[in-house]
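The next block holds one structure in the form of structure tokens; read it before the comments.
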Amino acid sequence: MRLAAPLLASALAMAIALPTYAADKAPRPQPAKHADEPGNAPDDAARASDKADTAQASAIEYSVSRHRSIPFHGATLGYTVTPGTLTIRNDEGEPIASMFYTAYVADASRSGKARPITFMYNGGPGSSSMWLHMGSYGPLKVDVPGLDALHGEPGRLVANPDTILDRTDIVFLDAIGTGLSRPLGKATGKDFWSVDGDLDAFARGIQRYLTINNRWASPKFLLGESYGTTRTGGLAYVLQQRGVQLAGATIMSTVLNIPLLFDPSVDQMHVNAFPTFAATAWYHNRVANKLADLDAFAKQAQAFATGPYAAALSKGDRLTPEERTQMAQQASALLGVSPDFLLRTNLRPGPDRFRKELLRDQRRTVGRLDSRFDGIDVDAGGDSPEFDAANEAISGAFIAAINNYLFNDLGYQTKLSYRPNFYSSIGPAWDWKHRAPGNGRQFAANTSVDLSQAMRQNPKMKLLSLNGYYDIATPFAGADYDLEHMELDPALKANITYKYYPSGHMIYIEPGSAARLRQDIDAFYDSITR
């Protein structure tokens with residue numbers, strides 16, 4: 001059944017139901033004991049990241065902790081949740097940013113082993129960690145019993161049966177300029193709004209957390225989503241150079257090689273997108289005589305894309321009219337759009353035109369983040385959707401949840417407003433150049449080079465790749481391509497595990513996929529820490 005995708009009207013104004021977990025009596029928040037610069041008051045400041053902010057961040061590290069528990073698989077999982085800030089300093093010791101985090105630390109076990117710790121973040125660039133925090137692996141999540149539940153009202157915040165807190169402690173980090181993270185002192189947002197500036201900030205933030213919480217001896221993991229996977233590729237190498245050796249990393253909804261995602265003049269971009277377009281057509285029943293099994297169909301589409309389709313595109317103008325017509329007919333059978341449309345787009349439809357074309361006869365578009373969702377444009381004759389139906393369907397519930405949770409439930413106090421994203425400022429300012437290991441020149445980011453170097457230097461590091469079939473934003477075949485072109489030694493290729501799900505960019509919003517994610521990540525951590 002195809003999903004409708006109306007806007008969640010007045011989502012921020014709607015109340016979230018109280019979470020179903022055990023809570024302590026909330027004490028008054030106090031500055032963290034590890035606050036440096038004790039002579040400063042919490043309101044001493046640093047400039048906000050943009051002129052629209054009247055509130056200012058502080059160089060004093062501030063946190064508040066709560067002890068909580070949730071029912072978990074027939075038992076009780078107890079933990080301490082701590083929202084707070086990390087003061088990032090430059091090499092001269094000057095404060096340059098306040099990075100907001102929310103940490104979850106499970107009650108001490110009796111095993112005597114140091115518990116793993118996983119640092120998690122979303123991407124953008126310009127997104128906070130709200131999506132992962134409120135939807136994926138923490139002890140609480142927005143309740144989504146089915147995708148249709150995202151329509152009409154925000155979901156409740158409930159105990160998460162798929163949390164991985166029993167396997168690893170978790171720290172959600174917000175990029176500078178997002179969430180409650182802000183520049184300090186003489187620094188401005190643009191000092192952090194670049195591939196390399198962002199990597200340095202996250203590396204310093206992680207090092208600071210390890211130090212003030214005595215976690216250097218813990219097995220360390222990263223988990224990034226979307227641009228967060230680009231960050232993970234670079235961060236694995238940067239941390240390695242700074243003495244922070246990783247046990248493993250998880251990349252979800254992956255893009256490592258940026259030009260292969262955004263540049264329509266590069267044929268590989270179209271090859272990478274083809275299998276996701278085919279999976280979308282499969283879901284919306286636009287493929288005649290389709291295979292019943294999605295995994296098998298996706299593999300069939302990927303084999304065609306990397307074989308006959310890639311060969312046809314590589315011929316460019318040398319492709320004869322007969323070959324062009326034949327390819328359009330073959331591709332049409334998998335993509336669910338007409339051969340004529342493919343011929344008019346030179347066999348390279350691109351994400352926006354495909355999203356508009358697939359259901360044009362029904363006056364519907366398909367989502368970018370999750371192509372199972374469909375939307376209604378005012379103009380059915382345009383060449384691209386007017387909005388992302390998936391994004392509009394889910395944002396309200398998550399934004400309401402994070403604000404209610406931090407400021408009402410946990411009682412975190414700040415004069416700043418939580419920014420779910422800051423795309424309007426960060427997006428246009430972002431510098432995509434990146435200096436890869438061993439190369440003094442800067443190019444558009446491809447952090448698969450960094451990740452490859454990190455895995456060679458640390459041959460015990462393992463990598464888990466997680467991707468949804470219906471993710472047009474970061475197609476699963478693109479993730480495969482990036483990882484398969486890291487030029488790894490055969491002995492190191494065994495350190496990479498690939499998993500795929502019948503979901504979109506936020507894999508975890510689909511209940512069945514969320515349960516499978518939990519099982520796959522459990523197995524990944526167990527293969528390293530046991």
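Under a 5 Å amide H cut-off, with hydrogens placed 1.01 Å from N, residue 431 pairs with 194, 195 among residues at least 5 apart or on other chains. Taking each DSSP H run with n ≥ 4 as -39500 (n - 2.57) and averaging over every residue of the chain yields -9500 deg cm²/dmol at 222 nm. Quick one: with all protein chains in place, what share of the accessible area of the range 191-292 is carbon or sulfur, to the nearest percent (1.4 Å probe)? Ligands and nucleic acids excluded, carbon and sulfur reach 49 percent. For the range 327-371, relative contact order (Cα pairs under 8 Å, six or more residues apart, normalised by length) works out to 25 percent. Using heavy atoms of the protein chains and a probe of 1.4 Å, the accessible area assigned to residue 433 is about 90 Å². Each Cα pair under 8 Å and six or more residues apart adds its sequence gap; the mean of these over the residue count of the range 227-296 is a relative contact order of 23 percent. Solvent-accessible surface of the chain, taken per residue with a 1.4 Å probe and all protein chains present: 40 Å².
Counting only aspartates and glutamates at least 8 places from residue 141 when in the same chain, those with an alpha carbon closer than 17 Å to its own are 153, 162, 166, 169, 225, 409, 510. Taking Lys and Arg as +1 and Asp and Glu as -1, the other residues whose beta-carbon sits under 15 Å from that of residue 268 total -3.
Calculated FRET efficiency, residue 376 to residue 263, Cβ-Cβ distance, R0 = 35 Å: about 0.70 to the nearest 0.05. Annotation for residue 498 and residue 80: the two label points, set 7 Å from Cα along the Cα-Cβ direction, are 4.3 nm apart.
Please report, to one decimal in angstroms, the Kirkwood hydrodynamic radius of the chain built from all distinct Cα-Cα pairs. Walk me through the intermediate numbers first.
Numbers: mean 1/r = 0.0418 Å⁻¹.
In the chain this quantity evaluates to 23.9 Å.
Could you please report the charge total around residue 497, scoring K, R as +1 and D, E as -1 over all other residues with beta-carbon less than 14 angstrom from its beta-carbon? Summing Lys/Arg as +1 and Asp/Glu as -1 gives -1. Each label point was placed 7 Å from the Cα along the Cα-to-Cβ direction; for residue 456 and residue 528 their separation is 2.1 nm.
Please report the antiparallel percentage of the DSSP beta bridges confined to the chain, to the nearest 5.
Details: 39 of 67 bridges.
The antiparallel proportion sits near 60 percent.
Label-to-label distance, residue 311 versus residue 520, with points set 7 angstrom from Cα along the beta-carbon direction: 3.1 nm.
If the chain linking residue 94 and residue 289 were pulled fully straight, counting 0.36 nm for each residue of separation and taking away their Cα-Cα distance, it would gain 63.8 nm. Reducing the range 60-125 and the range 263-292 to their Cα centroids gives an inter-centroid distance of 40 Å.
Which of rounded, prolate or oblate describes the range 218-353 when judged by the alpha-carbon gyration tensor and an a/c cut-off of 1.5? Prolate shape, in that a/c is at least 1.5 and a/b is the bigger ratio. Expressed as a whole percent, the accessible surface of the range 331-443 that belongs to carbon and sulfur atoms is 47, based on a 1.4 Å probe. Over 30 Å between Cα atoms, which of 460/499; 299/493; 190/460; 315/356; 433/493; 299/462 qualify? Those over the limit are 190/460.
Using C-alpha pairs under 8 Å with a sequence gap of at least 6, the mean separation divided by the residue count of the chain gives a relative contact order of 19 percent.
Averaging 1/r over every pair of different alpha carbons in the range 274-403 and inverting the result gives a Kirkwood radius of 15.7 Å.
Compactness check for the range 248-328: Cα Rg over 2.2 N^0.38 Å is 1.25.
The values are calculated or read from the model by the stated rules, or taken from the named source; none is laboratory data. Please read these numbers as outputs of a predicted model, since none were measured by experiment. Positions of Cβ are backbone-derived with ideal geometry, glycine not excepted, and every protein chain shown enters the neighbour counts. We work out accessible area using only protein heavy atoms, side chains counted, and drop any ligands, DNA or RNA first. Shrake-Rupley method; radii C 1.70, N 1.55, O 1.52, S 1.80 Å.
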